[in-house]
Amino acid sequence: MTSSGKRWARFSGPLVILTALLVGFTGVGTASAATLRADDFEDGNSAGWTTTGGTWIVNRDGSTRVLRQSSTAANALARTGAISWRNYTVTASVRPESFNGMPGFAGVVARANSTSNYYALVLRPDDTVALTRTVGGTTQTLDTARFAVEQGTWYRLSLQVEGQRLTGTVGGVTVTASDGFLHGGPAGLVTTWTTASFDSVLITD
């Protein structure tokens, strides 16, 4: 597979070995995040995910499998996790495939306590990445930055929610905000007016 979604994991070996050696010789370790959920869809299904809007299906993509949303409908959402989840990081590989103009987007979501309430880190066709808040179905941009977005290209997006602090990263670009509207809820994936594929989802506390 050529996606950054699964390629990123292949380079962790030397780093893990080096970290183990440092811990062994110095006795000093680093705290590691616990995994709440991980899914690379290689089992061929989307068990554990709840989808609303759009058309979500696990597809073959070369030698691997991905979760694809193939509709250009608004507010297509796939969620996983519990309403009690509060502080965590959701990371996923996202490949926008066809934007149907602005305000289309594709990305990851956090604290999605309903289909109309969530935070999101999204890629837009106007070459921006945006950190947004959707409440009652109305979306507001909290922070945005210039970021070249190409259809058919994989991007590794990460959204961290910690108290009122929101931090989104992609390709070395960071967007941040402080917001206290949403306190907890599942993580997930989202598209609006955009078809997209998703892979290598990792949610840690």
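Quick notes on this one:
- All strands (runs of 3 or more DSSP E) inside segment 113-205 with 2 or more residues being buried (at least 22 other Cβ atoms within 10 Å of the Cβ) and either hydrophobic (A, V, I, L, M, F, W, C) or modelled with pLDDT of 95 or more (or both): 117-124, 128-135, 155-162, 165-170, 187-192, 194-204
- Which numbered condition A110 misses (of (1) farther than 15 Å from T191 by Cα; (2) touching a residue at least 24 places away in the same chain (Cβ under 8 Å); (3) assigned to a strand (DSSP E or B)): (1)
- Summed over segment 151-165, residues that are in contact (Cβ under 8 Å) with a residue 24 or more places away in the chain and either over 14 Å from L131 (Cα atoms) or more than 17 Å from the chain's Cα centre (by Cα) (or both) total 8.
- Apart from one condition, V23 fits all of (1) modelled with pLDDT of 95 or more; (2) in a helix (DSSP H, G or I); the exception is (1).
- Cβ pairs under 9 Å, 6+ apart, first in segment 116-130 and under 13 Å from T174 (Cα atoms), second at pLDDT 95 or above and assigned to a loop (DSSP other than H, G, I, E, B): L123/F147; L123/V149; T128/F147; T128/V149; V129/F147; V129/V149; V129/G171
- Segment 51-97, residues that are touching a Lys or Arg at 6+ places or on another chain (Cβ under 8 Å), aliphatic (A, V, I, L, M) and loosely packed, with under 15 Cβ neighbours inside 10 Å: I57
- Condition met for G168 (of a type in the set (G, A, S) and either within 9 Å of the chain's Cα centre (by Cα) or within 18 Å of L77 (Cβ to Cβ) (or both)): yes
- Among the candidates N87, N59, N45, residue that is closer than 22 Å to T192 by Cα and at pLDDT 95 or above: N59
- Selection count where residues are touching a Phe, Trp or Tyr at 6+ places or on another chain (Cβ under 7 Å) and closer than 24 Å to S84 by Cβ, scope segment 160-186: 6
The values are calculated or read from the model by the stated rules, or taken from the named source; none is laboratory data. Remember, it's a predicted structure, so these values are computed and weren't measured experimentally. Because the Cβ atoms are built from the backbone with ideal geometry, glycine has one as well, and the counts that use them run over all protein chains shown.
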